[in-house]
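Notes to accompany the following structure.
The values are calculated or read from the model by the stated rules, or taken from the named source; none is laboratory data. As the structure is a prediction and not an experimental result, all values here were calculated from the model. Using ideal geometry, Cβ is built from the backbone for each residue, glycine included, and neighbour counts are taken over all protein chains shown. For accessibility, only protein heavy atoms count, side chains too; no ligands or nucleic acids. Shrake-Rupley method; radii C 1.70, N 1.55, O 1.52, S 1.80 Å.
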Amino acid sequence: MTDDERPHTTFDSGQPATSDEYSLTIGPSGPILLQDAYVIQKMQAFNRERVPERVVHAKGGGAHGYFEATEDLSQFTKAVIFQKGKRTESVARFSTVAGELGSPDTARDPRGFALKFYTEHGNYDMVGNNTPVFFIRDPSKFSDFIHSQKRRADNHLRDNNMQWDFWTLSPESAHQVTILMGDRGIPRSWRHMNGYSSHTYMWINAGGERFWVKYHFKTDQGVEFLTQGEGTAIAGENPDAHIHDLWASIKKGDLPTWTLNVQIMPFEDAANYRFNPFDVTKVLPHGDYPLIKVGRYVLDRNPEDYFAEIEQATFEPSNFIPGIGPSPDRMLLGRLFSYHDTHLHRVGTNAQQLPVNYPKHAKVNSYNKDGAMRYRNPGDPVYAPNSFGGPAAAPQLFGEDPAWEVTGEIVRAAQALHREDDDFGQAGTMVREVLDDSARDRLVSNIAGHVKQGVEEPVLSRVFDYWRHVDHKLGDRVEEAVIGRAAAKIV
Ligand code: NDP
(Lines give C-alpha, C1' and ligand atoms only; values in the text may rest on other atoms or scores of the structure.)
Protein backbone atom coordinates (compact mmCIF):
# COMPACT_ATOMS: atom_id res chain seq x y z
CA MET A 1 0.00 0.00 0.00
CA THR A 2 1.39 3.40 -0.94
CA ASP A 3 1.19 6.36 1.43
CA ASP A 4 -1.52 7.85 -0.77
CA GLU A 5 -3.67 4.72 -0.44
CA ARG A 6 -3.47 4.58 3.37
CA PRO A 7 -6.42 5.97 5.33
CA HIS A 8 -5.63 9.43 6.67
CA THR A 9 -5.39 10.19 10.37
CA THR A 10 -8.21 12.39 11.60
CA PHE A 11 -9.54 14.06 14.70
CA ASP A 12 -12.36 12.11 16.38
CA SER A 13 -14.65 14.57 14.66
CA GLY A 14 -13.26 13.67 11.27
CA GLN A 15 -11.04 16.61 10.28
CA PRO A 16 -7.66 15.64 8.82
CA ALA A 17 -4.70 15.69 11.21
CA THR A 18 -1.42 17.09 9.96
CA SER A 19 1.12 15.04 11.91
CA ASP A 20 1.34 11.74 13.76
CA GLU A 21 4.75 12.62 15.20
CA TYR A 22 5.29 16.30 15.90
CA SER A 23 3.45 18.81 18.05
CA LEU A 24 3.07 22.36 16.80
CA THR A 25 5.90 24.40 18.38
CA ILE A 26 7.48 27.84 18.21
CA GLY A 27 10.67 26.96 16.41
CA PRO A 28 12.20 23.49 16.46
CA SER A 29 13.11 23.71 20.18
CA GLY A 30 10.33 26.00 21.43
CA PRO A 31 7.18 25.35 23.48
CA ILE A 32 4.03 23.61 22.24
CA LEU A 33 1.17 25.82 21.15
CA LEU A 34 -2.24 25.56 22.75
CA GLN A 35 -3.77 25.79 19.29
CA ASP A 36 -2.53 22.26 18.51
CA ALA A 37 -5.96 20.86 19.25
CA TYR A 38 -5.06 17.52 17.70
CA VAL A 39 -2.31 16.81 20.24
CA ILE A 40 -4.34 18.21 23.12
CA GLN A 41 -7.37 16.07 22.27
CA LYS A 42 -5.14 13.01 21.84
CA MET A 43 -3.83 13.49 25.39
CA GLN A 44 -7.30 14.18 26.73
CA ALA A 45 -8.71 11.01 25.15
CA PHE A 46 -5.86 8.95 26.56
CA ASN A 47 -6.45 10.33 30.05
CA ARG A 48 -10.03 9.12 29.86
CA GLU A 49 -9.49 5.67 28.32
CA ARG A 50 -10.59 3.65 31.32
CA VAL A 51 -14.09 3.15 32.57
CA PRO A 52 -14.07 1.89 36.17
CA GLU A 53 -13.28 -1.81 36.18
CA ARG A 54 -15.97 -4.11 37.51
CA VAL A 55 -15.80 -4.27 41.33
CA VAL A 56 -16.13 -8.05 40.94
CA HIS A 57 -15.39 -10.09 37.80
CA ALA A 58 -13.00 -7.40 36.52
CA LYS A 59 -10.68 -9.77 34.61
CA GLY A 60 -12.34 -11.65 31.81
CA GLY A 61 -12.82 -12.29 28.16
CA GLY A 62 -15.56 -13.43 25.87
CA ALA A 63 -16.89 -14.17 22.43
CA HIS A 64 -20.04 -14.22 20.35
CA GLY A 65 -22.12 -17.23 19.40
CA TYR A 66 -25.58 -18.66 19.58
CA PHE A 67 -27.88 -21.00 21.45
CA GLU A 68 -29.91 -23.60 19.58
CA ALA A 69 -32.85 -25.30 21.28
CA THR A 70 -32.75 -28.91 20.11
CA GLU A 71 -35.48 -30.32 22.38
CA ASP A 72 -39.13 -29.50 22.92
CA LEU A 73 -39.55 -27.93 26.35
CA SER A 74 -42.71 -25.99 25.59
CA GLN A 75 -44.51 -27.92 28.34
CA PHE A 76 -42.31 -26.02 30.83
CA THR A 77 -41.75 -22.58 29.29
CA LYS A 78 -43.09 -20.39 26.54
CA ALA A 79 -39.77 -18.47 26.35
CA VAL A 80 -38.97 -18.01 22.66
CA ILE A 81 -35.36 -18.97 23.12
CA PHE A 82 -36.30 -22.46 24.39
CA GLN A 83 -38.73 -23.45 21.62
CA LYS A 84 -37.42 -26.42 19.62
CA GLY A 85 -35.40 -25.47 16.55
CA LYS A 86 -34.93 -21.85 17.62
CA ARG A 87 -31.46 -20.36 17.21
CA THR A 88 -30.70 -17.20 19.23
CA GLU A 89 -27.65 -14.93 18.89
CA SER A 90 -25.62 -14.51 22.06
CA VAL A 91 -22.52 -12.96 23.62
CA ALA A 92 -20.65 -14.64 26.49
CA ARG A 93 -18.21 -13.30 29.05
CA PHE A 94 -16.08 -15.45 31.37
CA SER A 95 -14.10 -14.04 34.28
CA THR A 96 -12.41 -14.53 37.60
CA VAL A 97 -14.08 -12.82 40.57
CA ALA A 98 -11.67 -11.18 42.98
CA GLY A 99 -8.64 -10.09 40.94
CA GLU A 100 -8.25 -6.79 39.14
CA LEU A 101 -8.12 -6.25 35.37
CA GLY A 102 -4.51 -7.43 35.00
CA SER A 103 -4.66 -10.33 37.44
CA PRO A 104 -3.85 -13.90 36.33
CA ASP A 105 -6.55 -15.98 34.69
CA THR A 106 -5.38 -19.09 36.53
CA ALA A 107 -6.08 -17.83 40.07
CA ARG A 108 -8.05 -20.14 42.37
CA ASP A 109 -11.42 -18.43 42.18
CA PRO A 110 -14.92 -19.13 40.87
CA ARG A 111 -15.39 -18.18 37.21
CA GLY A 112 -18.17 -15.97 35.95
CA PHE A 113 -20.27 -17.45 33.13
CA ALA A 114 -22.39 -14.57 31.82
CA LEU A 115 -24.57 -14.91 28.74
CA LYS A 116 -26.70 -12.42 26.86
CA PHE A 117 -29.30 -13.70 24.38
CA TYR A 118 -30.74 -11.34 21.76
CA THR A 119 -34.35 -12.54 21.43
CA GLU A 120 -37.30 -10.97 19.65
CA HIS A 121 -38.83 -10.32 23.07
CA GLY A 122 -35.78 -8.33 24.13
CA ASN A 123 -32.51 -9.37 25.70
CA TYR A 124 -32.39 -12.28 28.12
CA ASP A 125 -29.30 -12.48 30.35
CA MET A 126 -28.14 -15.39 32.47
CA VAL A 127 -25.38 -14.35 34.83
CA GLY A 128 -24.02 -17.61 36.20
CA ASN A 129 -20.80 -19.10 37.50
CA ASN A 130 -18.81 -22.28 36.91
CA THR A 131 -20.08 -23.56 40.26
CA PRO A 132 -23.68 -24.45 41.08
CA VAL A 133 -23.65 -22.73 44.50
CA PHE A 134 -22.46 -19.52 46.17
CA PHE A 135 -20.65 -18.45 49.36
CA ILE A 136 -23.56 -16.67 51.04
CA ARG A 137 -27.33 -16.73 50.86
CA ASP A 138 -28.22 -13.17 51.87
CA PRO A 139 -27.18 -10.17 49.73
CA SER A 140 -26.68 -8.03 52.81
CA LYS A 141 -23.36 -9.90 53.26
CA PHE A 142 -22.16 -9.55 49.67
CA SER A 143 -20.00 -6.45 50.03
CA ASP A 144 -18.49 -7.87 53.24
CA PHE A 145 -17.67 -11.13 51.49
CA ILE A 146 -16.05 -9.35 48.56
CA HIS A 147 -14.09 -7.00 50.84
CA SER A 148 -12.63 -10.08 52.55
CA GLN A 149 -11.45 -11.37 49.16
CA LYS A 150 -10.00 -8.08 47.96
CA ARG A 151 -7.32 -5.90 49.52
CA ARG A 152 -6.73 -4.72 53.07
CA ALA A 153 -7.31 -1.08 53.92
CA ASP A 154 -3.85 -0.59 55.47
CA ASN A 155 -1.22 -2.19 53.24
CA HIS A 156 -3.32 -2.81 50.11
CA LEU A 157 -2.48 -6.52 50.16
CA ARG A 158 -4.80 -9.48 49.81
CA ASP A 159 -4.93 -11.47 53.01
CA ASN A 160 -5.82 -15.14 53.41
CA ASN A 161 -6.40 -14.60 57.13
CA MET A 162 -9.17 -12.17 56.26
CA GLN A 163 -10.68 -14.63 53.77
CA TRP A 164 -10.77 -17.54 56.21
CA ASP A 165 -12.00 -15.24 58.98
CA PHE A 166 -15.06 -14.39 56.88
CA TRP A 167 -15.61 -17.95 55.63
CA THR A 168 -15.36 -19.59 59.05
CA LEU A 169 -17.70 -17.00 60.57
CA SER A 170 -20.09 -17.62 57.66
CA PRO A 171 -20.56 -21.40 57.67
CA GLU A 172 -23.02 -21.21 54.76
CA SER A 173 -19.87 -20.71 52.63
CA ALA A 174 -18.69 -24.31 53.23
CA HIS A 175 -20.19 -25.86 50.10
CA GLN A 176 -18.76 -23.25 47.75
CA VAL A 177 -15.38 -23.18 49.50
CA THR A 178 -15.17 -26.97 49.17
CA ILE A 179 -15.70 -26.67 45.41
CA LEU A 180 -13.29 -23.73 45.23
CA MET A 181 -10.52 -25.60 47.03
CA GLY A 182 -11.17 -28.73 44.94
CA ASP A 183 -10.11 -29.40 41.38
CA ARG A 184 -12.69 -27.08 39.82
CA GLY A 185 -11.16 -24.09 41.64
CA ILE A 186 -8.77 -23.65 38.67
CA PRO A 187 -10.30 -24.70 35.34
CA ARG A 188 -7.82 -25.65 32.59
CA SER A 189 -9.52 -23.04 30.41
CA TRP A 190 -12.92 -21.41 30.10
CA ARG A 191 -13.70 -24.01 27.46
CA HIS A 192 -13.18 -26.76 30.02
CA MET A 193 -15.68 -25.69 32.63
CA ASN A 194 -19.43 -25.98 33.10
CA GLY A 195 -21.69 -23.00 33.63
CA TYR A 196 -24.54 -23.04 36.13
CA SER A 197 -27.36 -20.60 36.71
CA SER A 198 -26.68 -21.35 40.39
CA HIS A 199 -29.92 -19.58 41.25
CA THR A 200 -33.28 -21.21 40.83
CA TYR A 201 -35.52 -19.40 38.34
CA MET A 202 -39.19 -19.64 37.41
CA TRP A 203 -40.38 -20.95 34.05
CA ILE A 204 -43.94 -20.37 32.88
CA ASN A 205 -45.58 -22.25 30.01
CA ALA A 206 -48.21 -20.98 27.58
CA GLY A 207 -50.97 -22.27 29.85
CA GLY A 208 -49.66 -20.22 32.80
CA GLU A 209 -48.26 -23.23 34.70
CA ARG A 210 -45.17 -22.45 36.77
CA PHE A 211 -42.02 -24.50 37.40
CA TRP A 212 -38.75 -23.93 39.24
CA VAL A 213 -35.65 -24.41 37.11
CA LYS A 214 -31.86 -24.59 37.42
CA TYR A 215 -29.61 -24.36 34.34
CA HIS A 216 -26.53 -26.52 33.74
CA PHE A 217 -24.35 -25.66 30.73
CA LYS A 218 -22.15 -28.77 30.51
CA THR A 219 -18.94 -28.33 28.58
CA ASP A 220 -18.64 -30.60 25.53
CA GLN A 221 -14.85 -30.23 25.78
CA GLY A 222 -14.94 -32.13 29.10
CA VAL A 223 -14.27 -30.70 32.56
CA GLU A 224 -10.51 -30.28 32.99
CA PHE A 225 -8.59 -28.56 35.74
CA LEU A 226 -5.12 -27.25 36.59
CA THR A 227 -3.33 -28.32 39.74
CA GLN A 228 -2.28 -25.53 42.07
CA GLY A 229 1.30 -25.89 40.81
CA GLU A 230 0.26 -25.65 37.17
CA GLY A 231 -2.01 -22.68 37.86
CA THR A 232 0.73 -20.83 39.72
CA ALA A 233 3.30 -21.49 36.99
CA ILE A 234 0.98 -20.35 34.19
CA ALA A 235 0.07 -17.24 36.19
CA GLY A 236 3.73 -16.21 35.99
CA GLU A 237 4.27 -17.17 32.37
CA ASN A 238 1.03 -16.01 30.78
CA PRO A 239 -1.44 -14.25 33.08
CA ASP A 240 -3.87 -14.00 30.14
CA ALA A 241 -3.81 -17.73 29.37
CA HIS A 242 -7.59 -18.16 29.40
CA ILE A 243 -8.31 -15.13 27.22
CA HIS A 244 -5.71 -16.43 24.79
CA ASP A 245 -7.02 -20.00 24.84
CA LEU A 246 -10.57 -18.95 23.96
CA TRP A 247 -9.48 -16.50 21.28
CA ALA A 248 -7.02 -18.94 19.67
CA SER A 249 -9.39 -21.88 19.59
CA ILE A 250 -12.20 -19.85 17.98
CA LYS A 251 -9.70 -18.33 15.53
CA LYS A 252 -8.60 -21.75 14.33
CA GLY A 253 -12.20 -23.00 14.06
CA ASP A 254 -12.11 -25.27 17.12
CA LEU A 255 -15.42 -23.89 18.41
CA PRO A 256 -16.25 -24.47 22.08
CA THR A 257 -19.74 -25.80 22.79
CA TRP A 258 -21.83 -26.53 25.85
CA THR A 259 -24.95 -28.69 26.20
CA LEU A 260 -27.66 -26.93 28.18
CA ASN A 261 -29.58 -29.13 30.60
CA VAL A 262 -32.11 -28.04 33.17
CA GLN A 263 -33.46 -29.44 36.39
CA ILE A 264 -37.19 -28.82 36.65
CA MET A 265 -39.03 -28.79 39.97
CA PRO A 266 -42.84 -28.68 39.90
CA PHE A 267 -43.98 -25.42 41.48
CA GLU A 268 -45.74 -27.14 44.40
CA ASP A 269 -42.67 -29.25 45.38
CA ALA A 270 -40.77 -26.24 46.70
CA ALA A 271 -42.67 -25.80 49.96
CA ASN A 272 -41.95 -29.26 51.36
CA TYR A 273 -38.73 -30.25 49.58
CA ARG A 274 -35.95 -31.49 51.88
CA PHE A 275 -33.73 -28.50 51.02
CA ASN A 276 -34.76 -24.90 50.50
CA PRO A 277 -34.64 -24.76 46.68
CA PHE A 278 -34.13 -21.00 46.86
CA ASP A 279 -30.98 -21.23 48.97
CA VAL A 280 -28.08 -20.65 46.55
CA THR A 281 -25.65 -22.49 48.84
CA LYS A 282 -27.44 -25.74 47.88
CA VAL A 283 -27.77 -27.84 44.73
CA LEU A 284 -30.78 -29.88 43.73
CA PRO A 285 -29.39 -33.44 43.81
CA HIS A 286 -29.55 -35.05 40.38
CA GLY A 287 -31.25 -38.10 41.89
CA ASP A 288 -34.24 -35.95 42.89
CA TYR A 289 -34.39 -33.77 39.78
CA PRO A 290 -32.55 -35.33 36.84
CA LEU A 291 -31.04 -33.25 34.07
CA ILE A 292 -33.25 -32.64 31.03
CA LYS A 293 -31.51 -31.69 27.79
CA VAL A 294 -32.49 -28.36 26.19
CA GLY A 295 -29.99 -27.52 23.48
CA ARG A 296 -26.54 -26.47 22.45
CA TYR A 297 -24.55 -23.30 23.14
CA VAL A 298 -21.80 -22.45 20.63
CA LEU A 299 -19.15 -19.72 20.56
CA ASP A 300 -18.07 -19.05 16.99
CA ARG A 301 -16.89 -15.44 16.69
CA ASN A 302 -14.14 -13.52 18.45
CA PRO A 303 -14.66 -9.88 19.36
CA GLU A 304 -13.09 -7.43 16.93
CA ASP A 305 -13.08 -4.69 19.56
CA TYR A 306 -12.58 -6.09 23.05
CA PHE A 307 -13.48 -2.89 24.87
CA ALA A 308 -16.65 -2.20 22.90
CA GLU A 309 -17.93 -5.77 22.80
CA ILE A 310 -16.72 -7.35 26.07
CA GLU A 311 -15.55 -4.72 28.58
CA GLN A 312 -18.64 -2.59 28.00
CA ALA A 313 -21.02 -5.54 27.79
CA THR A 314 -23.50 -5.25 30.64
CA PHE A 315 -25.07 -8.53 31.75
CA GLU A 316 -28.11 -8.07 33.97
CA PRO A 317 -29.99 -10.92 35.64
CA SER A 318 -33.04 -8.63 35.70
CA ASN A 319 -33.23 -8.97 31.90
CA PHE A 320 -36.00 -11.57 31.70
CA ILE A 321 -38.28 -12.38 28.76
CA PRO A 322 -41.83 -13.76 28.87
CA GLY A 323 -41.75 -17.35 30.10
CA ILE A 324 -38.87 -16.80 32.55
CA GLY A 325 -38.88 -15.03 35.90
CA PRO A 326 -37.16 -14.80 39.26
CA SER A 327 -37.54 -17.04 42.27
CA PRO A 328 -37.50 -16.07 45.96
CA ASP A 329 -33.73 -16.77 46.09
CA ARG A 330 -32.52 -13.80 48.14
CA MET A 331 -29.14 -13.58 46.45
CA LEU A 332 -30.88 -13.49 43.08
CA LEU A 333 -33.24 -10.76 44.24
CA GLY A 334 -30.25 -8.71 45.42
CA ARG A 335 -28.53 -9.21 42.08
CA LEU A 336 -31.63 -8.13 40.15
CA PHE A 337 -31.12 -4.69 41.66
CA SER A 338 -27.35 -4.60 41.83
CA TYR A 339 -26.23 -5.48 38.32
CA HIS A 340 -28.22 -2.84 36.50
CA ASP A 341 -27.23 -0.33 39.15
CA THR A 342 -23.52 -1.06 38.81
CA HIS A 343 -23.72 -0.67 35.02
CA LEU A 344 -25.34 2.73 35.40
CA HIS A 345 -22.26 3.71 37.39
CA ARG A 346 -19.55 1.81 35.49
CA VAL A 347 -20.57 2.24 31.86
CA GLY A 348 -23.16 4.99 32.10
CA THR A 349 -26.79 5.93 32.28
CA ASN A 350 -27.38 4.81 28.72
CA ALA A 351 -25.17 1.70 28.66
CA GLN A 352 -28.07 -0.22 27.15
CA GLN A 353 -27.78 1.83 23.97
CA LEU A 354 -24.29 0.55 23.16
CA PRO A 355 -24.37 -1.92 20.27
CA VAL A 356 -23.36 -4.96 22.37
CA ASN A 357 -26.11 -4.25 24.88
CA TYR A 358 -28.83 -3.00 22.54
CA PRO A 359 -31.50 -5.55 21.65
CA LYS A 360 -30.72 -6.75 18.13
CA HIS A 361 -34.11 -8.30 17.47
CA ALA A 362 -36.60 -6.31 19.55
CA LYS A 363 -37.73 -2.73 19.25
CA VAL A 364 -37.18 -0.50 22.28
CA ASN A 365 -40.35 1.40 23.15
CA SER A 366 -39.46 2.61 26.61
CA TYR A 367 -40.54 5.93 28.11
CA ASN A 368 -37.09 6.57 29.59
CA LYS A 369 -35.34 9.51 27.96
CA ASP A 370 -32.25 11.71 27.88
CA GLY A 371 -29.28 11.27 30.23
CA ALA A 372 -25.56 11.34 29.48
CA MET A 373 -24.47 9.94 26.12
CA ARG A 374 -27.96 9.09 24.89
CA TYR A 375 -28.09 9.25 21.11
CA ARG A 376 -31.61 7.99 20.48
CA ASN A 377 -34.83 8.99 22.25
CA PRO A 378 -38.11 7.21 21.71
CA GLY A 379 -39.81 10.35 20.43
CA ASP A 380 -43.13 11.90 21.42
CA PRO A 381 -45.25 11.25 23.35
CA VAL A 382 -42.74 10.97 26.21
CA TYR A 383 -45.18 9.90 28.91
CA ALA A 384 -47.78 7.24 29.61
CA PRO A 385 -50.72 7.09 29.62
CA ASN A 386 -51.18 9.28 26.56
CA SER A 387 -53.79 9.82 23.89
CA PHE A 388 -51.33 10.19 20.99
CA GLY A 389 -50.75 6.57 20.01
CA GLY A 390 -47.62 6.00 22.12
CA PRO A 391 -46.62 2.47 23.09
CA ALA A 392 -48.92 0.67 25.54
CA ALA A 393 -48.14 -2.38 27.71
CA ALA A 394 -49.69 -5.57 26.40
CA PRO A 395 -50.20 -8.08 29.22
CA GLN A 396 -52.55 -10.03 26.93
CA LEU A 397 -49.51 -10.89 24.78
CA PHE A 398 -47.02 -11.71 27.49
CA GLY A 399 -49.14 -12.73 30.48
CA GLU A 400 -48.93 -11.51 34.02
CA ASP A 401 -45.68 -10.81 35.87
CA PRO A 402 -44.17 -14.04 37.22
CA ALA A 403 -45.47 -14.35 40.78
CA TRP A 404 -45.66 -16.57 43.81
CA GLU A 405 -47.75 -16.38 46.95
CA VAL A 406 -46.26 -15.10 50.20
CA THR A 407 -47.69 -14.50 53.64
CA GLY A 408 -45.92 -13.68 56.86
CA GLU A 409 -44.72 -11.01 59.19
CA ILE A 410 -41.80 -8.78 58.31
CA VAL A 411 -38.76 -10.38 60.01
CA ARG A 412 -34.99 -10.77 59.88
CA ALA A 413 -34.55 -14.50 60.13
CA ALA A 414 -32.39 -17.46 59.15
CA GLN A 415 -33.83 -19.74 56.49
CA ALA A 416 -33.76 -23.21 58.07
CA LEU A 417 -37.34 -24.07 57.16
CA HIS A 418 -36.69 -27.33 55.29
CA ARG A 419 -35.74 -30.53 57.06
CA GLU A 420 -32.24 -30.96 55.57
CA ASP A 421 -31.29 -27.29 55.53
CA ASP A 422 -27.87 -26.95 57.09
CA ASP A 423 -24.55 -25.43 56.12
CA PHE A 424 -22.35 -28.48 55.80
CA GLY A 425 -24.41 -31.47 54.59
CA GLN A 426 -24.07 -31.09 50.82
CA ALA A 427 -20.38 -30.18 51.08
CA GLY A 428 -19.83 -33.35 53.12
CA THR A 429 -21.68 -35.42 50.53
CA MET A 430 -19.38 -34.07 47.86
CA VAL A 431 -16.24 -34.83 49.83
CA ARG A 432 -17.31 -38.38 50.74
CA GLU A 433 -19.34 -39.50 47.72
CA VAL A 434 -18.28 -37.46 44.69
CA LEU A 435 -14.52 -37.01 45.08
CA ASP A 436 -12.16 -39.95 44.72
CA ASP A 437 -9.06 -40.48 46.86
CA SER A 438 -6.75 -38.46 44.66
CA ALA A 439 -9.24 -35.56 44.39
CA ARG A 440 -9.56 -35.62 48.21
CA ASP A 441 -5.75 -35.55 48.51
CA ARG A 442 -5.59 -32.50 46.25
CA LEU A 443 -8.40 -30.86 48.23
CA VAL A 444 -6.42 -31.25 51.48
CA SER A 445 -3.26 -29.99 49.81
CA ASN A 446 -5.01 -26.96 48.25
CA ILE A 447 -6.67 -25.98 51.53
CA ALA A 448 -3.46 -26.42 53.53
CA GLY A 449 -1.42 -24.51 50.96
CA HIS A 450 -3.86 -21.59 51.11
CA VAL A 451 -4.14 -21.61 54.90
CA LYS A 452 -0.38 -21.73 55.38
CA GLN A 453 -0.10 -18.41 53.63
CA GLY A 454 -0.90 -16.13 56.52
CA VAL A 455 -3.80 -17.64 58.49
CA GLU A 456 -3.30 -17.07 62.22
CA GLU A 457 -5.11 -17.77 65.48
CA PRO A 458 -7.93 -17.45 66.34
CA VAL A 459 -8.95 -17.96 62.72
CA LEU A 460 -6.69 -20.99 62.30
CA SER A 461 -8.50 -23.16 64.87
CA ARG A 462 -11.81 -22.20 63.36
CA VAL A 463 -10.54 -23.36 59.95
CA PHE A 464 -9.97 -26.88 61.31
CA ASP A 465 -13.40 -26.92 62.98
CA TYR A 466 -15.01 -25.68 59.75
CA TRP A 467 -13.56 -28.59 57.77
CA ARG A 468 -14.40 -31.13 60.50
CA HIS A 469 -18.00 -29.99 60.20
CA VAL A 470 -17.83 -30.68 56.47
CA ASP A 471 -16.18 -34.06 57.09
CA HIS A 472 -14.45 -35.07 60.28
CA LYS A 473 -11.64 -36.95 58.61
CA LEU A 474 -11.05 -34.09 56.17
CA GLY A 475 -10.73 -31.65 59.08
CA ASP A 476 -8.19 -33.89 60.79
CA ARG A 477 -6.19 -34.17 57.59
CA VAL A 478 -6.22 -30.41 57.01
CA GLU A 479 -4.97 -29.75 60.54
CA GLU A 480 -2.23 -32.30 60.14
CA ALA A 481 -1.20 -30.85 56.79
CA VAL A 482 -1.12 -27.31 58.19
CA ILE A 483 0.54 -27.75 61.56
CA GLY A 484 2.11 -31.16 61.08
CA ARG A 485 0.70 -33.05 64.03
CA ALA A 486 -2.15 -35.46 64.62
CA ALA A 487 -5.30 -33.46 65.08
CA ALA A 488 -6.83 -32.76 68.43
CA LYS A 489 -10.36 -34.10 68.57
CA ILE A 490 -13.21 -31.64 68.67
CA VAL A 491 -16.88 -31.14 67.77
P1 NDP B 1 -24.29 -36.74 41.61
O2 NDP B 1 -23.31 -37.85 41.88
O3 NDP B 1 -25.41 -36.99 40.67
O4 NDP B 1 -23.54 -35.43 41.10
C5 NDP B 1 -22.28 -35.11 41.54
C6 NDP B 1 -21.81 -33.98 40.66
O7 NDP B 1 -20.68 -33.41 41.24
C8 NDP B 1 -21.31 -34.39 39.29
O9 NDP B 1 -22.35 -34.62 38.40
C10 NDP B 1 -20.47 -33.19 38.91
O11 NDP B 1 -21.28 -32.14 38.40
C12 NDP B 1 -20.01 -32.67 40.26
N13 NDP B 1 -18.59 -32.77 40.54
C14 NDP B 1 -17.73 -33.76 40.32
N15 NDP B 1 -16.50 -33.41 40.75
C16 NDP B 1 -16.60 -32.18 41.26
C17 NDP B 1 -15.69 -31.27 41.83
N18 NDP B 1 -14.40 -31.54 42.01
N19 NDP B 1 -16.14 -30.08 42.25
C20 NDP B 1 -17.44 -29.75 42.10
N21 NDP B 1 -18.36 -30.57 41.55
C22 NDP B 1 -17.93 -31.76 41.14
O23 NDP B 1 -24.81 -36.32 43.04
P24 NDP B 1 -25.84 -35.22 43.54
O25 NDP B 1 -26.55 -34.49 42.46
O26 NDP B 1 -26.67 -35.92 44.55
O27 NDP B 1 -24.87 -34.21 44.28
C28 NDP B 1 -23.94 -34.65 45.24
C29 NDP B 1 -22.97 -33.52 45.48
O30 NDP B 1 -22.32 -33.20 44.25
C31 NDP B 1 -23.67 -32.22 45.90
O32 NDP B 1 -23.82 -32.15 47.28
C33 NDP B 1 -22.73 -31.18 45.37
O34 NDP B 1 -21.72 -30.95 46.33
C35 NDP B 1 -22.08 -31.83 44.17
N36 NDP B 1 -22.63 -31.29 42.90
C37 NDP B 1 -23.94 -31.48 42.56
C38 NDP B 1 -24.46 -30.86 41.47
C39 NDP B 1 -25.92 -30.89 41.18
O40 NDP B 1 -26.40 -29.99 40.50
N41 NDP B 1 -26.65 -31.88 41.65
C42 NDP B 1 -23.61 -30.06 40.55
C43 NDP B 1 -22.23 -29.99 40.95
C44 NDP B 1 -21.79 -30.56 42.12
P45 NDP B 1 -21.54 -31.87 36.87
O46 NDP B 1 -22.25 -33.12 36.39
O47 NDP B 1 -22.42 -30.68 36.85
O48 NDP B 1 -20.21 -31.70 36.24
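Counting every pair of alpha carbons in the stretch 17-95, the share spaced more than 16 Å apart comes to 73 percent. Think of the stretch 46-117 as having a plus end and a minus end, set by charges on the Cβ of Lys, Arg, Asp and Glu; of Phe46, Ala114, Gly61, Phe46 sits farthest toward the positive end of this dipole. Summing Lys and Arg as +1 and Asp and Glu as -1 over all other residues whose Cβ lies under 12 Å from the Cβ of Glu172 gives a net charge of -1.
The fraction of accessible area contributed by carbon and sulfur in the chain is 53 percent, rounded to a whole number (1.4 Å probe; ligands and nucleic acids excluded). Averaged per residue, the stretch 1-112 has 59 square angstrom of accessible surface, using a 1.4 angstrom probe with ligands and nucleic acids left out. For GluC sites (Glu not before Pro), the sites in the stretch 204-269 that DSSP calls loop and that have at most 15 other Cβ atoms within 10 Å are Glu209, Glu224. Looking at the stretch 334-491, the accessible area is 66 square angstrom per residue; that uses a 1.4 Å probe and ignores ligands, DNA and RNA.
Between Asp254 and Ala233, the simple spin-label model (points 7 angstrom out along Cα→Cβ) gives 1.9 nm. For the chain, what D do you get in µm² per second when you plug the Kirkwood radius from alpha-carbon pairs into Stokes-Einstein at 20 °C and 1.002 mPa s? Translational D for this selection: 85 µm²/s. Grab the other residues whose beta carbon is less than 14 angstrom from that of Asp288, score K and R as +1, D and E as -1, and report the net. Spelling it out: positives minus negatives among the neighbours equals +2. May I ask you to list the residues of the stretch 230-250 whose amide nitrogen lies under 20 Å from a point 7 Å from Cα along the Cα→beta-carbon direction of Gln453? Under cut-off, by backbone N: 230-243. Between Ile410 and Ala17, the modelled labels are 5.8 nm apart [label points 7 Å from Cα along Cα→Cβ]. Placing unit charges on the Cβ atoms only, positive for Lys and Arg and negative for Asp and Glu, gives the stretch 1-128 a dipole magnitude near 680 debye about its Cα centre. Within the shell defined by Cβ-Cβ distances under 11 Å, the residues around Met331 carry a net charge of 0, with Lys and Arg each +1 and Asp and Glu each -1. For a Förster distance of 60 Å, can you work out the FRET efficiency between the beta-carbons of Thr349 and Asp441, rounded to the nearest 0.05? With R0 = 60 Å, the Cβ-Cβ based efficiency is 0.70. Put a plus charge on the Cβ of each Lys and Arg, a minus charge on the Cβ of each Asp and Glu, and nothing anywhere else: the dipole of the chain about its Cα centre is then about 380 debye.
Dipole magnitude for the stretch 161-240: computed about the Cα centre from +1 point charges on Lys and Arg Cβ and -1 point charges on Asp and Glu Cβ, it is near 340 debye. With each label modelled as a point 7 angstrom along the Cα→C-beta vector, the Glu304-Glu71 pair spans 3.7 nm. A dipole drawn for the stretch 196-244 from +1 and -1 charges on Cβ atoms has a positive end, and of Gln221, Met202, Ala241 the residue lying farthest that way is Met202.
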